[in-house]
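Here is the structure we will look at.
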Amino acid sequence: MKKAVFIVNPGAGTSRKGNIAEEIASCLEMDGKGSSCVEGGSYEIVYTQRPKHASELALNAVKEGVPVIVAVGGDGTVNEVACSVAGSSSAMGIVPVGSSNGLARHLCIPRDVKQAVRKIVEGHTALIDYGLLNQKKFFCTCGCGFDAEVGWNFGGKRGRSSYVKTVIKEFFRYSPSHYEIEDSDGNTVFSSKAFLVTAANAGQWGNDAYVAPEASVQDGLLDLVVVEPFSVLAAASLSWRLFHRSLLKSSKVRHFRGKAFTVRRSDAGLVHLDGEPLFSTEELEISVCPKGLKVIV
């Protein structure tokens, strides 16, 4: 591995990250035989201090020509770093220490810090696709509906148990909206109420919850998954399918694949990009950018 910058989000995940710098340094400086793993011994560890700071740090590294820029955090940190690295000659590495780690899980990157760093040292890269929602980048999933509402109300909380509590609370007060969806040829493929609409570049939201188990980050396509309204009794079956890679087999789920989609809803509202919620317009233009990001896998 040549020079690398590790961008650490100290607030990611649920566990303390006080020893991450030490773990990274010990793995980079010694290969078990008393030799440096870094070509020229050049690496830097920096910490984010505010929202969007990871994007700033990554952009600075890109401008300096740093060949390897590593996101050490969760899905939000990965998104920020990837937004700056995409389209450049730099490669992005991931050390997943977040709560969900959707893209890292899809790419089979180890969740153990030292093992993840070892993979970065090995330096096997691949070009992967990323998506755009109204020209904002996403690398795992984006969507609107229930998952965006949950993301907004989950806020700065951490941990699977907190997330499950938020999901249950929101489920009993959420009201599905009407959506009209067109494919890239202008054909209306869906026009009805939906519980959620998700565009997937990678297969899962995170935590091994596979919303689009057939999705590939290298096929130049997005998988659009629409979950229609369902009863409380059907919720258990859908949840089971979500974690057993069989959600698309449900009669309540519609699945489309393509390079671009237009999603129209009655009002502006929440969307999410890689789990991070934000407000957007009533019309959503979703498309794929093939092979736009070099990532260490």
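The values are calculated or read from the model by the stated rules, or taken from the named source; none is laboratory data. Remember, predicted model here, so these are calculated numbers, not experimental data. Methodologically, a virtual Cβ is constructed for each residue, glycine included, from the backbone with ideal geometry; neighbour enumeration extends over all protein chains shown. When the accessible area is computed, the model is the full protein with side chains, heavy atoms only, and any ligands, DNA or RNA have been set aside. Shrake-Rupley method; radii C 1.70, N 1.55, O 1.52, S 1.80 Å.
Taking trypsin sites (Lys or Arg not before Pro) across region 80-188, the ones in a DSSP loop with at most 10 further Cβ atoms lying within 10 angstrom of their Cβ are ARG173. Heavy atoms of the protein chains alone define the surface here; on that basis region 193-297 has 44 Å² accessible area per residue at 1.4 Å probe size.
Against the chain, whose longest principal axis comes from its Cα atoms, helix 53-63 is set at around 60 degrees. Here each label is just a point 7 Å from Cα along the line to Cβ, and for LYS136 and LYS63 those points are 2.4 nm apart.
Axis angle, to the nearest 10 degrees, between helix 232-243 and the longest C-alpha principal axis of the chain: 30 degrees. Got a number for carbon plus sulfur as a percent of region 194-297's accessible area, 1.4 Å probe? Looking at region 194-297 in its full context, I get 54 percent from C and S.
Rounded to the nearest 10 degrees, the inclination of helix 160-171 to the longest alpha-carbon principal axis of the chain is 20 degrees. Given a Förster radius of 51 Å and the C-beta distance between SER191 and GLU22 as r, what FRET efficiency does 1/(1 + (r/R0)^6) yield to the nearest 0.05? Once the sixth-power term is evaluated, E becomes 0.40. Taking the centroid of alpha carbons for each part, region 245-290 and region 124-144 are 12 Å apart. Spin-label pair ASP112-PHE243: with each label point 7 Å from Cα along the Cα-Cβ axis, the two points sit 2.4 nm from one another. Listed peptides 56-62, 198-204, 232-238, 216-222 appear in the order 198-204, 56-62, 216-222, 232-238 once ranked by packing, highest mean of other Cβ atoms within 10 Å at the front.
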